[in-house]
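Chemist: I have a structure I would like to understand better, so I am pasting it below and will then ask my questions one at a time.
Coordinate-derived values only; no laboratory data. If you're wondering where the values come from, they're calculated on a predicted model, not measured in any experiment. Ideal geometry is used to build each Cβ from the backbone, glycine not excepted, and the neighbour counts take in all protein chains shown.
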Amino acid sequence: MNLIKVGLIGFGRMGGFYLEQMRLNGKWEIAYICDVDPEAREYARKVAPEAKVVADEDEIFNDPRVEVVVLSALADSRLSQIERAFAAGKHVIAEKPIADTIENEWRVVELAEKTNLFSTVDLYLRNSWYHHAILDFIAQGEIGELAIIRVCHMTPGLAPGEGHEYEGPAFHDCGMHYVDVARWYAGSEFKTWHAQALRMWSYKDPWWLQCHGTFENGVVFDITQGHVYGQLSKDQTHNSYIDVIGTKGIARMTHDFHTATVELHGVTRTERIERPYGGKNIGVLCDLFADSVRSGVRRNELPRFRDAAIASEYAWRFLDDARQHDLPAIGDLKTLEEIRERRRTMTNGYGLLHKRH
Ligand SMILES: NC(=O)c1ccc[n+]([C@@H]2O[C@H](COP(=O)([O-])OP(=O)(O)OC[C@H]3O[C@@H](n4cnc5c(N)ncnc54)[C@H](O)[C@@H]3O)[C@@H](O)[C@H]2O)c1
């Protein structure tokens with residue numbers, strides 16, 4: 001089979017995952033790696049001798065042999081790279097968020113919906129086995145009518161001031177995944193919401209937020225997200241789950257980042273499934289995309305830019321809503337400094353900062 005020539009733009013933590021998973025997938029040829037940072041390029045030369053490593057993205061857009069680009073730099077470059085990719089006739093796999101402002105995200109959606117070229121966005125939970133297992137169970141009528149969706153993701157991960165800070169507070173940067181998951185399960189659009197947040201360590205932005213509300217079809221949701229979960233505890237832990245309640249049964253999932261456990265309590269069967277968690281499921285995404293490019297028919301499971309724009313927009317709306325209410329601050333910046341200091345030297349923990357080895 002002809003390998004699909006791909007150019008990776010942005011070779012940080014996520015870029016590294018694409019390299020690894022596209023190689024494993026076996027349907028790709030990593031033709032180019034582009035990064036503006038000389039250190040990242042040096043690292044790319046070392047780990048990907050098969051790729052041409054470049055500083056200027058033009059080389060990729062100007063090479064007609066490149067069929068697909070992966071955009072895994074930061075959100076501020078996404079709109080222009082997507083515009084250029086489509087103009088050059090290339091399919092696009094983009095990291096989330098698909099642009100740096102809501103307006104630019106909708107511009108990207110418009111571009112994607114006008115072209116015959118394929119595009120998808122790494123809303124990784126949509127490629128996970130556990131959510132598909134639960135959705136199949138619901139579709140079989142096992143829980144009766146879907147009524148309540150409860151999602152929670154609290155970890156001692158990215159602290160304020162680290163990582164992709166300008167892609168928003170934790171509830172946007174990470175929380176948009178859970179906003180998307182709730183909407184995906186509901187199969188409907190957000191109708192009402194009320195958000196409560198907290199400025200942990202008295203940081204300027206909330207780093208924990210809980211939102212509840214309704215969808216147009218009457219399903220209700222609550223989403224809790226925060227990277228505020230015991231950063232200074234001797235042994236760190238997290239709490240991550242989805243809990244889906246129907247008129248007759250329930251389905252839920254939790255994980256420890258290694259194994260995911262799905263528990264299904266339906267009207268005709270009770271089942272407990274334990275399987276490897278699957279991380280960011282980049283391999284699944286790449287495989288579905290390769291299939292689409294090769295067959296000329298877009299795989300329907302692939303998340304769309306529109307899904308990402310809606311999730312991002314509502315994550316911002318819920319943050320805005322929280323700012324309209326009492327927004328208490330607890331703790332002090334000194335504790336946050338201790339957390340950052342600990343995370344700088346941590347080798348085993350949650351959402352560690354990307355270090356090239
Ligand atoms: N889907 C997910 O679950 C998920 C998880 C983590 C990160 N992300 C997203 O992926 C993106 C990358 O995150 P990361 O953790 O890999 O960040 P990172 O900082 O580790 O890597 C980003 C890389 O892009 C490079 N870069 C910046 N601007 C560039 C440009 N214009 N052209 C070429 N290279 C450029 C940087 O030098 C850096 O090497 C972010 O937008 C982030 O929000 C998504």
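Chemist: Can you flag which of Lys90/Lys114; Lys52/Lys90; Lys46/Lys90; Lys234/Lys334 are past 25 Å Cα-Cα? Intermediate values should be presented prior to the final figure.
Modeler: Numbers: Lys90/Lys114 14 Å; Lys52/Lys90 18 Å; Lys46/Lys90 27 Å; Lys234/Lys334 18 Å.
Too far apart for the 25 Å limit: Lys46/Lys90.
Chemist: Also: Using a/c under 1.5 as the rounded threshold, could you call the stretch 4-117 rounded, prolate or oblate? The axes a ≥ b ≥ c are square roots of the C-alpha gyration tensor eigenvalues, and prolate needs a/b larger than b/c, oblate otherwise.
Modeler: On the way: a/c = 1.81, a/b = 1.46, b/c = 1.24.
In terms of gyration-tensor shape, prolate.
Chemist: Right, here's the next one. Count the net charge of all other residues whose Cβ sits under 15 Å from the Cβ of Lys96, scoring Lys and Arg as +1 and Asp and Glu as -1.
Modeler: Residues near Lys96 contribute -3 overall.
Chemist: Would you list the membrane-span-like helices of the chain, meaning whole DSSP H runs whose alpha-carbon atoms span at least 24 Å along their axis and whose mean Kyte-Doolittle value is at least -1.0? Could you put the intermediate results ahead of the total?
Modeler: Values: long enough: 305-324 (29 Å, -0.56).
Taking the DSSP H segments of the chain (at least 24 Å long, mean hydropathy at least -1.0), we get 305-324.
Chemist: State to the nearest 20 debye the size of the charge dipole of the stretch 4-117 about its Cα centre, where the only charges are +1 on K and R beta carbons and -1 on D and E beta carbons.
Modeler: 460
Chemist: For the stretch 187-294, what class follows from the C-alpha gyration tensor (a ≥ b ≥ c being the square roots of its eigenvalues): rounded when a/c is under 1.5, otherwise prolate if a/b is larger than b/c, else oblate?
Modeler: Details: a/c = 1.41, a/b = 1.19, b/c = 1.19.
Verdict is rounded for the stretch 187-294.
Chemist: Roughly how big is the chain's charge dipole about its Cα centre, with Cβ charges of +1 (Lys, Arg) and -1 (Asp, Glu), in debye to the nearest 20?
Modeler: 660
Chemist: Antiparallel DSSP bridges in the chain: what percent, to the nearest 5? Before the final figure, lay out each step's value.
Modeler: Working: 41 of 70 bridges.
The answer is about 60 percent antiparallel.
Chemist: Find which of Thr247, Gly331, Trp207 sits farthest along the positive direction of the dipole of the chain, computed with +1 on the beta-carbon of Lys and Arg, -1 on that of Asp and Glu, about the Cα centre.
Modeler: Thr247
Chemist: Continuing with the same structure: Mind running the shape call on the stretch 1-68? Use the C-alpha gyration tensor, a ≥ b ≥ c as the square roots of the eigenvalues: rounded below 1.5 for a/c, prolate if a/b tops b/c, oblate otherwise. Intermediate results must be reported in sequence, preceding the final value.
Modeler: Values: a/c = 2.00, a/b = 1.20, b/c = 1.66.
Oblate shape, in that a/c is at least 1.5 and b/c is the bigger or equal ratio.
Chemist: How far, in nm, would the chain grow between Ala88 and Lys248 when pulled straight, counting 0.36 nm per residue and subtracting the alpha carbon separation? Don't skip to the answer; put the middle values down first.
Modeler: On the way: separation 160, 0.36 × 160 = 57.60 nm, distance 5.17 nm.
That pair, Ala88 and Lys248, stretches by 52.4 nm at full extension.
Chemist: Evaluate the relative contact order of the stretch 48-146 (contact order divided by residue number), counting alpha-carbon pairs under 8 angstrom at least 6 apart; express in whole percent. Kindly include the intermediate steps, with their values, before the conclusion.
Modeler: Details: 97 pairs, mean separation 21.0, N = 99.
With pairs under 8 Å counted, the relative contact order is 21 percent.
Chemist: Sticking with this structure for a sec: Anyone know which of Pro64, Pro169, Pro160 comes out most mobile in the 10 Å Cα GNM of the chain?
Modeler: Maximum fluctuation in the GNM of the chain, among the listed residues, is at Pro64.
Chemist: I've got another one for you. Hey, what D do you get for the chain in µm²/s if you plug the Kirkwood alpha-carbon radius into Stokes-Einstein at 20 °C and 1.002 mPa s? The partial results should precede the final answer.
Modeler: On the way: Rh = 21.3 Å.
Taking Rh from Cα pairs, D becomes 100 µm²/s.
Chemist: If you take every residue apart from Thr214 with its C-beta less than 13 Å away from the C-beta of Thr214, what net charge results, scoring Lys and Arg +1 and Asp and Glu -1?
Modeler: On the way: positive: Arg183, Lys191; negative: Glu189, Glu216, Asp222.
Net local charge, Thr214 excluded: -1.
Chemist: Which of Asp100, Asp56, Asp35 moves most in a GNM of the chain, Cα contacts under 10 Å?
Modeler: Asp56
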